[in-house]
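Quick note: the coordinates plus some simple rules give every number you see, no bench work behind them. Everything quoted here is computed from the prediction, not taken from an experiment. No Cβ is skipped: glycine too gets one built from the backbone with ideal geometry, and neighbour counts run over all protein chains shown.
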Amino acid sequence: MNAVLLASDLPYWLQSIFRVVGGLVAVLLPAGTVVYLFLFKMLSFMQSRLGPMEAGPYGSFQLFAEVGKWLQKEDIVPANAQPEARIFKMAPLIVLASTFLLVVVVPFGPDALFTDFETGIFYALAVSSISVLGILIAGWASANKYSLLGGLRAAGQLVAYELPMVLAVVGVVIQAGTMNLQQIVVAQNTGSMFGWDGIGNPYVLTQFVAFIIFMISVQAELSQTPFDMPIAESELVSGYMTEYSGFRFLIFFIGEFATAGVFAMIASILFLGGWGVPFAWFGWTTIDSVDNWMNFAGPLILFAKMMALVFFIMWIRFSSPRLREDQLQRFAWKVLIPISLVNIMLTAVLKVAF
Amino acid sequence: MTMLGDRQQLAYIASQAADARVNVELETEGMTLNIGPQHPATHGTLRIIARLDGEQVVWAEPSAGYMHRGYEKLTEVRTFPQVTALVNRIDWLGSFANEVPFILAAEKLMGVEAPSRAQHIRTILFELSRIANVSLFLGDLGVQLGAITPVFFAFRDREYVLNLIEGATGGRFHPNFDRIGGLKDDLPAGFIDETRVVMKKLRTFCDQIEDLLFGNEIFQSRTRGIGVIPKDVALSYGLSGANLRASGVDWDLRRDQDIPMAWNKTDFKVITHPDGDSFARCWVRLQEVRESTKIVDQLLDTIPAGPVMAKVPKIIKVPEGEAWVSTENPLGEMGYYVVSQGDQGPFRVKIRSASFNNISIVPWLLKGVYVPDIITILASLYFILGDIDR
Amino acid sequence: MAKPKVPGMFKGLGVTFATLLATAKNGADTVQYPHEKETPPIRARGVIALHEDNCTSCMLCARSCPDWCIYIEGHKELAPPRRAGGAPRKVNKLDRFDIDYALCMYCGICVEVCPFDALFWSPEYEYSEPRIADLLHDKAKLGEWMQTVPEAPELEAGAEKKGKK
């Protein structure tokens, strides 16, 4: 494995700046694109309207206008939340922090990565649950019954769906033989199916069940419809976000869509071959032989794959009603977890057999 | 616990006592949740006070009256044409349907009957307002259950119906087109052809909603078996309209009643469903929109020529007497009991609006359900706040 | 139900995707309001126009208004006689005719009761004001709306032609 680009020959302060900027871009760019392309435009077109059209060409600056609006608004702390105002104010930042922690392990190219964890996917699944803390804190500290219900629902839901997600990933990990996200990418792109390496071996084919379970869990983890009971604007008046305004609501909002982007990236790394193209196309054999231009093409490829996955997440979100809390739990424990366990077993057996 | 009536206060205390007995054993603490008056799921300002144990409702009571506008009192100091303009606003989504029973009651007192062309046009507009009203319900149902797209389809297709109503009457929401003795004016040219096109669009809309919502497994699991109203309970609480028909009662004032409207000249099915759950109520409404489009199509074919106004004096004085007329409105049975003492305006009007009676079942229905199901049940009962509070 | 059953969820996804494609192809069903405008129907009750010469300040409209939003003041004036040598006529001169559109509920009763054809509906709708008091339209402004009053529409087949009363 090459020396990581950012860590190699630059002074420490420059590296840090690169990493901070890169992290911001990696979180905010997908979030912004997702919001504009899917939330504004695709949603509108699906409802036979045009969506925002006034701010910028085809309304493309609408998001900046919205951000400007939110930033101007007063940062309200409800009277009953005053004693714990610090905690109340902290909650959205915790949610966003988990997104940033998550993006750290995502590899964007052969050398373009923030860190190269041996246990990358393990870490990713662990830090993704930090957002539960933020949501629970938000629900509790708001001193609002709706928020409390929303926070509790979110906690129950995110914990329940963490498990099928982990179990779905285990299948991939068994097949790849590593928890390192970078090596999972390499394993998929250097792999071959029955001796034919034309498209490598994206795990979406061999681990299709795990892929579906992972995407369903992502849907629930992001609390998108049909799993959006923690927010449920028609029941709980936006649940844990009810009492937040202005900047802090904006943070929740960015957190929601940035996490959608990051989870879609992780899904495309685990199942679609991540940043890579099948190495056989260009005659590469190992990660060291990958040409340097992949450091620039890789992020774009990953971005495209991410967008395709987010499209499905959003498409389902826009066309289905929401489940009830107990139905959701039942679905997780009685359907997803048994299926994923069977999937792990089969994967393990096949892995040993071949 | 402010603003509770005596009866509500007593019921609340009783429920708390019942809670306390449970709590001694389970060591849990109940919570009172106010759904409304400001809540996205209550179509206005209905307040539901729900006592929760976890997410389960132990006791619930609707508290109406936040938007009381005093219609029955207002009618006492207004003339008959003015009252017609006012009662438009009771159920604001199907406003033409509000005028008709009132006008029919006044006509009954005066002993005039509208010409048959006017009756036909009245029935067409009545059914159009039913379509406009219920199609919005179908979209709104999606929002209440978390699907955001159907409501935009509903607004889109309701717009075509509203355009028709506006083209004929001049008012999109509040036509004020009905007069004692007939109609204000005849239909404008092109109305019939346009209506046929729109009815076709509305049937496509029904198919879309059926695919998008009613066929969806999640929707079905949310609504099937939720909020079941058995036949006898529905009758004893005085439900009407689709809520009653969804409980398996074959009851439709359009068919069962002999009033000077054109329904008896058409051939339509009264939709019923045996289940009585939320899904049945929504399904019955969906099918009713389809039937309504067929009724409109039939009426457009058979619309007779002639005047639209009977001979009535310019200044209307309704002779002394009392009359009760009710019709099958989009929300259920809506009726007016008009008492006249020979003046230009009514002496007293009692309004029986469908939603007020329909939500009376809410305390019975909500006992023991979960918080998300409250919304499902309220959405499927379908009330308009103006129709409750008047 | 005999047909192979497509799960309802996928049907729903199909509906939204079909709409997405239809919108991309045929354009939206919505109107981009300030840039393009829909023409309201001829009968639309947008704003009330006053033909001042016809008004005799008889107060019928003001009395029949359900929420009393019409304000009329007038005085009697002597006008020159129609025929030479006749006595001077007494005419009602209109001093003030205001309609408060903040109160008006657009029922159209005033237009209907007017015995002298002085009030008309116009489908014009763009007269919102930042200040609510500016919604009180006076005689001159109501007179300006007269230019926007359209001809009454043709009636549907089978309608009885009635003479203008």
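Quick notes
- 0 to 90° range, to nearest 10: angle between helix B:278-301 axis and chain B longest Cα axis: 10 degrees
- Euclidean distance between Cα centres, segment C:115-154 to segment C:9-84, Å: 9 Å
- Candidate lysines - alpha carbon under 22 Å from A:Lys145, same-chain residues fewer than 8 apart omitted: A:Lys89, B:Lys367
- Exposure proxy ranking, count of Cβ atoms within 10 Å, fewest first, for B:Lys294, A:Lys41, C:Lys25: C:Lys25, B:Lys294, A:Lys41
- Among the chymotrypsin sites (Phe, Trp or Tyr not before Pro) within segment A:237-313, those in coil by DSSP and having at most 15 neighbouring Cβ atoms inside 10 Å are A:Trp293.
- Fluctuation leader among A:Met241, A:Met46, A:Met314 - chain A, Gaussian network, Cα springs under 10 angstrom: A:Met46
- Between the Cα long axis of helix B:95-110 and the first principal axis of chain B there is an angle of about 60°, rounded to the nearest 10.
- With the helix formula -39500 (n - 2.57) applied to DSSP H stretches of n ≥ 4, chain A reaches a computed 222 nm mean residue ellipticity of -20000 deg cm²/dmol.
- Expected 222 nm ellipticity per residue - DSSP helices of 4 or more, -39500 (n - 2.57), all of chain B, to 500: -15000 deg cm²/dmol
- Value at 222 nm in deg cm²/dmol, rounded to 500, when DSSP H runs of n ≥ 4 in chain C each add -39,500 (n - 2.57): -6000 deg cm²/dmol
- The alpha-carbon of B:Lys314 sits under 22 angstrom from the alpha-carbons of these lysines, leaving out residues fewer than 8 places away in its chain: B:Lys108, B:Lys184, C:Lys161, C:Lys162, C:Lys164, C:Lys165.
- Inter-centroid distance (Cα atoms) of segment A:109-157 relative to segment B:40-91, Å: 42 Å
- Candidates B:Asp256, B:Asp297, B:Asp373, ranked by Gaussian network fluctuation over chain B, Cα under 10 Å, top entry: B:Asp256
- Low-density loop cleavage sites - chymotrypsin sites (Phe, Trp or Tyr not before Pro) in segment C:77-165, where at most 16 other Cβ are within 10 Å (DSSP): C:Phe116, C:Tyr125, C:Tyr127
- Reach of C:Lys93 by Cα under 20 Å, taken over aspartates and glutamates that are not fewer than 8 positions away in the same chain: C:Glu52, C:Asp53, C:Glu73, C:Glu77, C:Asp117, C:Asp138, C:Glu144
- Overall, the anisotropy analysis places segment C:1-60 in the prolate class: the square-rooted eigenvalues a ≥ b ≥ c of its C-alpha gyration tensor yield a/c not less than 1.5, with a/b exceeding b/c.
- Size descriptor for chain A, Kirkwood hydrodynamic radius: 21.2 Å (Cα pairs only, one decimal).
- With Cα atoms as the point set, the radius of gyration and Dmax of the protein assembly as shown evaluate to 32.8, 125 Å.
- Euclidean distance of C-alpha centroids, segment A:12-38 and segment B:203-282, integer Å: 53 Å
- Among B:Lys367, B:Lys108, B:Lys73, the residue with the largest mean-square fluctuation in a Gaussian network model of chain B, with springs joining Cα atoms closer than 10 Å, is B:Lys73.
- Hydrodynamic radius of segment C:47-148 by the Kirkwood approach over all distinct alpha-carbon pairs: 14.5 Å.
- Label-point separation in nm, B:Gln56 to C:Asn92, each point 7 Å along Cα→Cβ: 7.2 nm
- Stokes-Einstein D (µm²/s) once Rh is taken as the Kirkwood radius of segment A:13-155 over alpha-carbon pairs, at 20 °C in 1.002 mPa s: 119 µm²/s
- Taking every alpha-carbon pair under 8 Å whose residues sit at least 6 apart, chain B reaches a relative contact order of 25 percent.
- Our analysis of segment B:74-352 gives Rg over Rh at 0.98, with the two radii drawn from alpha carbon positions and Rh computed by the Kirkwood formula.
- Nearest 10 degrees, 0 to 90: helix B:149-169 Cα axis against chain B principal axis: 20 degrees
- Sites counted here are GluC sites (Glu not before Pro) in a DSSP loop (not H, G, I, E or B) having no more than 13 other Cβ atoms within 10 Å; the longest part of chain C that contains none of them is C:39-125.
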